[in-house]
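Here's the structure, in structure tokens; my notes come after.
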Amino acid sequence: MPGPPRGRHRESCVVIQSRIPQSTKMHGTSSRAGTLEQVMDRLDLRRVPRSSTALVVVDVQPDFMPGGALAVAEGDRIVSPIGRLMASGAFGACVATQDWHPRGHVSFASAHPGREPFDVIDLYGHEQTLWPDHCVQGSPGAELHPGLPLDRLDAIIRKGFYLRSDSYSGFRNNWNEMGERPPTGLDGYLRNRGIQEVYVCGLARDVCCWWTAQDAAESGFKTVLLWDLTRSVRPQGDAALLADLRRRGIVPLTVGGS
Ligand SMILES: [Zn+2]
């Protein structure tokens, strides 16, 4: 069974693994996330066929952990509960996104002389936050977090590998120089799998999770953002974010596992 490719800078964005038979029980019923039955009740998953639901784990990578190149406060606290959810067998599909930038990427402040990280510039007519160099292809910080049960992933969507445009969402890139937001293929993958409901968790709540959830909802999936299995770069914006999610019909849900 191939794991995530290592040692080679690949630009292909989708890594698909064949399905691994899954246990129907949570790993350890004493986990704080509760038993599978409790989790399914909390997520209201019993009313739909398991095969129609997908967990999308956004950018859980070392560079976004405390001490990492683009640290999100408390990012490390969501790794274990997300791992338990992945291993629970509660979802028909488990997909991870992986931020995967070439050196000199347009989103890096270092690529814009005179600019600092967290400056905001105009890029092709849209705001682009400039970040510290992060998730550089092939670097340890760009790996999927080793604390996740990576063998439970059905697919890995790499994003952000075009030099001149960013990609926050797992579904579509940010705007490019032609004013387009090219798809990553995740929408088609989920549809071909018969997925109707998408559950988003990971990092960061107010950037890549938010954009992923927006695109999922716009694509017609019932979309749930697992609020406590995410953390924000700017937590002071969380109230406005919650209001925006609700306005878009995205359900913010607390799992109670972190
Ligand atoms: Zn990035």
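The values are calculated or read from the model by the stated rules, or taken from the named source; none is laboratory data. Remember, predicted model here, so these are calculated numbers, not experimental data. A quick note on method: Cβ atoms are made from the backbone with ideal geometry, for glycine too, and the neighbour counts reach across all protein chains shown.
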Subset tally (residues that are away from the ligand (no atom under 12 Å from the Cβ) and either in contact (Cβ under 8 Å) with a residue 40 or more places away in the chain or closer than 16 Å to L203 by Cα (or both)) for the range 105-138 = 5
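When the range 88-104 is examined, which residues are found to be away from the ligand (no atom under 15 Å from the Cβ) and among the hydrophobic types (A, V, I, L, M, F, W, C)? Working first, answer last.
To start, the set of residues in the range 88-104 that are away from the ligand (no atom under 15 Å from the Cβ) comprises 88-95.
The answer is A90, F91, A93, C94, V95.
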Check whether at least one residue in the range 103-112 is within 24 Å of R77 (Cα to Cα), at pLDDT 95 or above and surrounded by 15 or more Cβ atoms within 10 Å (Cβ to Cβ), and report yes or no.
-> no
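Is it true that Q214 is modelled with pLDDT of 95 or more and surrounded by 20 or more Cβ atoms within 10 Å (Cβ to Cβ)? Before the answer, list the steps.
Numbers: modelled with pLDDT of 95 or more: yes; surrounded by 20 or more Cβ atoms within 10 Å (Cβ to Cβ): yes.
Judged against the criteria, Q214 is a match.
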Being farther than 26 Å from H134 by Cβ and buried (at least 22 other Cβ atoms within 10 Å of the Cβ), is that true of even one residue in the range 182-194?
-> yes
Please work out which residue is surrounded by the most Cβ atoms within 10 Å (Cβ to Cβ), limiting yourself to the range 145-181 and to residues that are under 26 Å from H126 (Cα atoms) and basic (K, R).
-> K159
Residue count for the range 88-131, restricted to those that are assigned to a helix (DSSP H, G or I) and in contact with a strand residue (DSSP E or B) (Cβ under 9 Å, 6 or more places away or on another chain) | 1
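Given the structure, is R77 under 15 Å from G160 (Cα atoms) and surrounded by fewer than 24 Cβ atoms within 10 Å (Cβ to Cβ)? Break it down into steps so the answer makes sense when it comes.
Working: under 15 Å from G160 (Cα atoms): no; surrounded by fewer than 24 Cβ atoms within 10 Å (Cβ to Cβ): yes.
Taking the combined requirement at face value, the residue does not satisfy it.
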Residue, modelled with the highest pLDDT, within the range 25-71, restricted to residues that are surrounded by fewer than 20 Cβ atoms within 10 Å (Cβ to Cβ) and of a type in the set (V, I, T) | V48
